[in-house]
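Taking it in order: structure first as structure tokens, then the write-up.
Since every read-out is calculated from the coordinates, none of them should be taken as a lab result. Quick caveat: nothing in here was measured; it's all calculated off a predicted structure. No Cβ is skipped: glycine too gets one built from the backbone with ideal geometry, and neighbour counts run over all protein chains shown.
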Amino acid sequence: MAPLVDPLDTPPGKARKDAILRTGQSVLPTPQDLKFVEFYLGECNGDASESASLSGMKCSGQAALSRKGVIKLIQDFYRDHPYKMSSAEILTRLSDIARGSVADVADIGDNGEYYWNLGKAKRNGKLHIVKKVFTTGETMQVELHDPIKAMDMLGKANRMWGDEQHETKVLNIFLNALPDDLRESVRKELQTITVGDLE
């Protein structure tokens, strides 16, 4: 039996078609894959479940992300746009800033005094938590990014507060999934609910 070959590594023609048949799934993206990736990298901001729902896929967001056509489209996007950061990378950096402390960029001596050590921050991959470095004479000052602001941004990104638009989007997805006759009656019923009824 011939070893499995990734169809992406196979030149076009019969060999590629055979490789696709052996792997059981084409790596050529379908129109639905393209629609999913547009939502995933665009307005859904990396939310696979919401992207799958909006693109009309009949599988979970994680299953959609494992489709070879989707993987290829996402890889191609980041290869063609290397300056773009993924939502995961942005959240990781914000988390580092929120958790950052002087201990990441300084050493504390036996006498209790601290000494700036940017080499330590670089070795530990924490140099991005530094906002500014400036010197006056022989004194160096280091300013870190604001951890409270980073926590606020993370809270919004994780929908812990302040995102009524997301709730409206989710409600619209739910309403659009209902049969036409039921959709309007549910919409009318929701309009009659007051905030006091929900508390």
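Here the 3J(HN,Hα) profile of segment 104-116, calculated from phi with Karplus coefficients 6.51, -1.76 and 1.60 at θ = phi - 60°, is 6, 10, 9, 10, 10, x, 4, 7, x, 7, 9, 10, 4 Hz, Gly and Pro shown as x. Sequentially through segment 136-152, phi angles give Karplus couplings (6.51, -1.76, 1.60; θ = phi - 60°) of 10, x, 9, 9, 10, 10, 10, 10, 8, 4, 6, x, 5, 5, 4, 5, 4 Hz, Gly and Pro residues having no value and appearing as x.
How many percent of all Cα-Cα pairs in segment 59-126 sit more than 13 Å apart? Can you show the working numbers first?
Details: 1726 of 2278 pairs.
Tail of the P(r) past 13 Å holds 76 percent of the pairs.
Coupling constants for segment 119-131 follow from the phi torsions by the Karplus curve (6.51 cos²θ - 1.76 cosθ + 1.60, θ = phi - 60°), and in residue order they are x, 4, 4, 5, 4, 8, x, 10, 4, 6, 7, 7, 8 Hz; glycine and proline get x. Electrostatic tally near TYR40: other residues with Cβ closer than 11 Å to its Cβ, Lys and Arg +1, Asp and Glu -1, net -4. Judged by the mean number of other Cβ atoms found within 10 Å, the most tightly packed of the peptides 67-76, 151-160, 103-112 leads the ranking 67-76, 151-160, 103-112.
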